[in-house]
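Notes to accompany the following structure.
Nothing in this text is a laboratory measurement; each read-out follows from the coordinates by a stated rule. Not measured: the values here are computed from a predicted model. Cβ coordinates were reconstructed from backbone atoms using ideal geometry, including for glycine residues, and neighbour counts include every protein chain displayed.
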Amino acid sequence: MFNHVSARIVFALLLAVFVFTCWKYGITRWQISAIGMLLVSYVVLLVYGSYFIQSNFFVKSLCKGDTGKKQIAITFDDGPMKDFTPKVLDILKTEKVPAAFFLIGRNIQGNEELVKRMIAEGHVIGNHSFEHGFWFSLQSKSKMISDAEKCDTAIKEVTGLQPKLFRPPYGVTNPMVAQLIKQRNYHSIGWSVRTYDTNAKSAEGLLQKTLKNLCAGDVILFHDWGQHTIGMLSEFISQARKRGFEFVRVDELLNIKAYY
């Protein structure tokens with residue numbers, strides 16, 4: 001698998017070749033341009049690997065199931081939120097659909113009953129960091145680990161369960177995030193369908209976008225504070241079922257343990 005380690009080796013070897021040719025034959029305009037292109041390509045590759053969690057460039061993330069069955073999993077990020085999460089839970093309860101909720105630790109305070117309800121109604125809970133700061137992935141490893149531990153503690157205090165599922169904020173990974181996941185022994189959970197529901201213009205548009213290319217094994221990313229998500233969720237479940245899909249929890253779809 002081509003990842004950041006193999007990328008560093010390849011680019012280091014190519015750079016060494018360029019340096020050697022410069023030393024042996026002198027520096028030419030072509031060589032300067034080639035070295036510049038090489039460095040730019042490396043930076044672009046790092047950005048791509050950081051932003052696209054499915055690339056597994058820095059750390060292996062589980063983004064799609066392979067059960068041999070027509071099963072899919074719904075996941076929600078950023079809750080719990082008192083004005084929105086209950087509506088999502090009501091729909092899931094009515095439709096008898098299990099889901100995964102990746103919680104922001106600081107949102108738990110004051111919403112403890114919602115977290116308890118998630119567990120009572122058969123959903124699974126994962127860690128989505130405590131602060132979910134914009135610069136989470138650029139913090140030092142120690143601060144990152146402290147943040148994740150704080151979220152684990154907040155979840156365990158309410159549920160008695162310590163999550164093994166971790167979704168990096170914004171889905172951004174890098175070597176420090178990889179070390180966090182390894183040290184905390186998390187399963188890094190990505191997605192195969194990113195709905196961009198928080199930027200949706202309408203519930204109908206979001207519905208059609210999410211249904212378009214839906215495949216067996218898909219892990220779908222929603223946010224439980226998206227108004228249009230709430231507006232289309234029941235219809236999405238109905239339409240997906242008409243197409244033969246079965247909804248299961250993400251830990252079942254991926255065949256992994258959800259808690260320690």
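The table below lists the values:
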item	result
Degrees, to the nearest 10: 29-51 long Cα axis against longest axis of the chain	20 degrees
The chain: relative contact order in percent, alpha carbon pairs under 8 Å with at least 6 residues between	27 percent
Inter-label distance, nm, simple model (7 Å from Cα along the C-beta direction), Lys82/Leu161	2.4 nm
Structure-based [θ]222 nm, the chain - -39500 (n - 2.57) summed over DSSP H runs of at least 4, per residue, nearest 500	-15500 deg cm²/dmol
The stretch 36-107: C-alpha gyration tensor shape, a/c 1.5 cut-off, then a/b vs b/c	oblate
Near-label residues of the stretch 1-25 by backbone N, under 16 Å of a point 7 Å along Cα→Cβ of Leu38	7-25
DSSP-defined antiparallel bridges as percent of all bridges, the stretch 1-133, nearest 5	0 percent
Gain in span if fully extended, Val19 to Lys116, counting 0.36 nm per residue against the direct Cα distance	28.9 nm
Sites Gln179 and Lys96 - FRET efficiency at Förster radius 51 Å, r taken between beta-carbons, to 0.05	0.80
With Cα atoms, 0 to 90° folded angle of helix 4-25 axis to the chain main axis	20 degrees
Degrees separating the helix 141-159 axis from the principal Cα axis of the chain, which is the longest one	10 degrees
Computed FRET value (nearest 0.05) for Trp30 with Ile9, which takes r as the C-beta separation and R₀ as 35 Å	0.90
Highest to lowest packing among 93-106, 35-48, 194-207, scored as the average C-beta count within 10 Å	93-106, 194-207, 35-48
Cα-based reach from Lys87 at 17 Å (exclusive), listing aspartates and glutamates while leaving out same-chain residues under 8 positions away	Asp77, Asp78, Glu95, Glu112, Glu113, Glu121, Asp197, Asp224, Glu235
Prolate/oblate/rounded label for the stretch 101-198 (Cα gyration tensor, a/c 1.5)	prolate
Percent antiparallel among DSSP beta bridges (both partners in the chain, rounded to 5)	10 percent
Distance violations [Cα-Cα > 19 Å] among Lys60/Lys257; Lys96/Lys209; Lys69/Lys116; Lys212/Lys242; Lys116/Lys182; Lys70/Lys212	Lys96/Lys209; Lys69/Lys116; Lys116/Lys182
Kirkwood Rh in Å, taken over the stretch 4-51 so that all alpha-carbon pairs contribute	11.4 Å
Residues of the stretch 121-148 with amide N under 20 Å of a point placed 7 Å along Cα→Cβ from Tyr51	133-139
Radius 13 Å from Cβ of Ile104, net charge of other residues (Lys, Arg +1; Asp, Glu -1)	-3
Cα-based equivalent ellipsoid, the stretch 71-254: semi-axes from gyration tensor eigenvalues, Å	26, 18, 15
Footprinting exposure proxy for Phe20, Phe247, Phe222 (fewest neighbouring C-beta atoms within 10 Å first)	Phe20, Phe247, Phe222
Three-way shape label, the stretch 45-164, alpha-carbon gyration tensor, a/c 1.5	oblate
